[in-house]
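Structure, as structure tokens:
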Amino acid sequence: MRIFFVLLLLFSKAVVAQSLLWEVSGNGLKQPSYLFGTYHILKDSYLDKTPTVRSTFTKSEGVVVETTVDSTAMLSMAMRAIMPGTSLKKLLSEADYQLVADEFKKTTGYDLAMFNQMKPIMASTMLSLGYTEKEVDTLRQFSGQPLDLYFMIEAKKQGKVLTPLETMDQQMTYLLDHDPVDKQAADLVRMVKEKDDMQGEGKKLTDLYLAGNIDGMWELSQQYETKYGDLSYLVKERNQNWMAKLPALMALRPTFVAVGALHLPGPDGLIKLLRKAGYTLKPVK
């Protein structure tokens with residue numbers, strides 16, 4: 001769950017104005033672009049409460065997202081998730097397997113046996129989604145498509161230029177291959193044993209996001225890393241890669257950039273990196 005926790009908001013201590021939406025101007029841009037931090041499991045009716053986000057999206061000519069859905073890549077992902085020569089039953093003790101299996105069935109409604117040949121991170125992700133849907137009541141008030149998917153679909157409908165910052169294959173490398181499967185298995189067991197703490201952190205994250213409190217999100221993510229290990233590869237490395245692409249994209253046309261909120265704040269966040277590159281960023285309320 002440690003990876004999924006960050007992916008949800010994929011959000012130092014330097015104080016940043018509290019906003020999820022930022023105007024990007026200067027450094028030769030003829031028209032401003034906008035940077036928006038998403039919450040990957042939040043549904044698009046949330047935008048009814050934030051009309052400024054919708055209006056800046058509508059007036060932008062280009063849309064940049066983390067990745068776009070590709071059916072071929074989805075098939076490749078399914079193949080890469082398989083563990084040849086081993087299984088969850090082999091990676092876990094009999095007692096731990098039963099512990100996880102019982103929790104998995106209760107939370108997701110599925111038998112863990114369906115995931116026996118898959119890398120443990122897949123079961124962790126399913127459990128995490130199940131915990132979030134059951135415990136975070138505030139998310140249930142929203143309906144529609146997940147925000148990132150909504151921006152992709154609407155960009156195509158409105159004839160905007162849609163550009164992914166990464167391929168699905170690159171994203172799956174971060175998810176499936178960064179940690180060896182034995183560590184993924186250990187993390188899965190730990191997630192089940194410490195589910196109460198993790199569920200509480202998920203609720204805090206949701207509340208902070210809905211309040212637009214990116215400083216609070218950052219602080220919580222730092223606490224999480226202190227407890228569960230370094231996750232900078234999910235944010236720092238990717239932000240640096242994206243900075244090699246964003247200036248050219250924003251120079252071409254006014255662009256709406258939608259990425260996980262964790263990518264915005266902090267010393268290696270996009271807000272600071274864009275300012276270092278010469279842009280002016282100001283929060284939009």
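The values are calculated or read from the model by the stated rules, or taken from the named source; none is laboratory data. Just so you know, these numbers come straight off a predicted model, no measurement behind them. Glycine gets a Cβ as well: all are built from the backbone with ideal geometry, and neighbour counts include every protein chain shown. Heavy atoms of the whole protein, side chains included, go into the accessibility calculation; ligands, DNA and RNA do not. Shrake-Rupley method; radii C 1.70, N 1.55, O 1.52, S 1.80 Å.
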Extreme residue, nearest to residue 193 (Cα to Cα), among residues of the range 91-105 that are of a type outside the set (S, T, N, Q) and over 30 Å from the mean Cα position of the chain (by Cα): 95
Subset of the range 205-225 (residues that are aliphatic (A, V, I, L, M) and assigned to a helix (DSSP H, G or I)): 205, 208, 210, 214, 217, 220
Test: residue in the range 102-116 that is at pLDDT 95 or above, polar (S, T, N, Q) and open to solvent by 20 Å² or more (accessible area, probe 1.4 Å): yes
Count - residues of the range 51-89 that are more than 18 Å from the chain's Cα centre (by Cα), closer than 19 Å to residue 246 by Cβ and either among the acidic types (Asp, Glu) or open to solvent by less than 60 Å² (accessible area, probe 1.4 Å) (or both): 6
Residues satisfying the stated conditions in the range 226-285, i.e. open to solvent by less than 10 Å² (accessible area, probe 1.4 Å), assigned to a loop (DSSP other than H, G, I, E, B) and touching a strand residue (DSSP E or B) at 6+ places or on another chain (Cβ under 7 Å): 264
Cβ-Cβ under 7 Å pairs, at least 6 apart or on other chains, the range 240-255 side at pLDDT 95 or above, far side of a type outside the set (Asp, Glu) and part of a helix (DSSP H, G or I): 243/273; 255/249
Residue 126 vs. criteria part of a helix (DSSP H, G or I) and farther than 15 Å from residue 188 by Cα: no
Residue identified as open to solvent by less than 30 Å² (accessible area, probe 1.4 Å) and over 19 Å from the mean Cα position of the chain (by Cα) among 189, 181: 189
Residues of the range 37-50 that turn out to be surrounded by 22 or more Cβ atoms within 10 Å (Cβ to Cβ) and within 18 Å of residue 270 (Cα to Cα), as a count: 3
In the range 55-73, residue nearest to residue 263 (Cα to Cα) [restricted to those that are at pLDDT below 95 and in a helix (DSSP H, G or I)]: 73
Verdict on residue 148 being charged (D, E, K, R), open to solvent by less than 30 Å² (accessible area, probe 1.4 Å) and not in a helix (DSSP H, G or I): no
